[in-house]
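The values are calculated or read from the model by the stated rules, or taken from the named source; none is laboratory data. What you see is a predicted model; the values in this text were computed from it and never measured. No Cβ is skipped: glycine too gets one built from the backbone with ideal geometry, and neighbour counts run over all protein chains shown. For the accessible areas, the whole protein counts, side chains as well, though only heavy atoms, and no ligand, DNA or RNA atoms are used. Shrake-Rupley method; radii C 1.70, N 1.55, O 1.52, S 1.80 Å.
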Amino acid sequence: NSDELRHRIRGSFATQNRAVTQQDYESFVYQMPPKFGSIKRCRVLRDNDSLKRNLNLYVISEDSFGLMTPANDVLKSNLKVWLQKNKMINDTIDILDARVINLTIDFVAVGSLEKTKIEVLTAAYERLQERFSRLPDIGEPIFITDVYKELRNVEGILDVTDVKINKRNADVGERIYSDVSFNLEKMTSSDNRMIEMPKNVIYEIRYPEFDIKGVIV
């Protein structure tokens, strides 16, 4: 879609058919022909524990339902071959799985008397589901203030009194979630405006129709 296209173009703009910077490498990952497989998100980080110019390339793919899933070994092998022709001769690359954190959103909002609570709640769900249908970058924080902003722009909502973001800790029926441990409280900023993500972690609202809940008062 247009959001995904914009994301890829931004990363490719400065690349000149050679991989020197982190952005160059990430751009070449996204340019790999689809016949070799598809990486949904990637991030290159310098391996500070290595004495050489070693790079850690964190990747994540998506399944046929649009849910994040680890890249398989064939895809990783194809990606490594694809990068060989453009990488710096002294660079070595390790391709690793990005870790996925599944989050939930709960909110309380004040509704207008001109609309029913069901109408307002449905509009709020649609707004948030659309907002979080765009996958973030690996290491991108989630801004709690964005949730407030999106909800306040919903017709029929007068105010938003509370927003809570939590980690989904267990599978529910046929819905399978990540089991990666994550200290949400430690990673939340002191002003409660955002939740930082480690550089090799990507967050996901995996099942928005179930993982976004709200109350209109």
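Here the stretch 116-217 is treated as a sphere whose radius is the Kirkwood value from Cα pairs; by Stokes-Einstein at 10 °C and 1.306 mPa s it diffuses with a coefficient of 107 µm²/s. Spacing of the modelled spin labels on LYS117 and GLN84, each 7 Å from Cα toward Cβ, amounts to 6.3 nm.
Pairs from the table (LYS167/LYS199; LYS40/LYS199; LYS87/LYS186; LYS76/LYS167) lying more than 26 angstrom apart at Cα are LYS87/LYS186; LYS76/LYS167. Roll a 1.4 angstrom probe over the protein heavy atoms and tell me the percent of accessible area of the chain that is carbon or sulfur. Percent of accessible area from carbon and sulfur atoms in the chain: 50. Peptides 106-112, 181-187, ordered by how many other C-beta atoms sit within 10 Å of their residues on average, highest first, read 106-112, 181-187. Each of the peptides 69-77, 201-209, 30-38 was scored by the mean count of other Cβ atoms within 10 Å over its residues; in descending order, highest first, they stand as 201-209, 69-77, 30-38. The fraction of all Cα pairs in the stretch 14-164 landing in successive 5 Å bins from 0 to the largest distance is 2, 8, 16, 16, 13, 10, 9, 8, 7, 6, 3, 1, 0, 0, given as whole percents.
Between the helical axis of 22-31 and the longest alpha-carbon principal axis of the chain there is an angle of about 90 degrees.
Solvent exposure of the stretch 52-132 amounts to 55 Å² per residue of accessible area, where only protein heavy atoms count and the probe is 1.4 Å.
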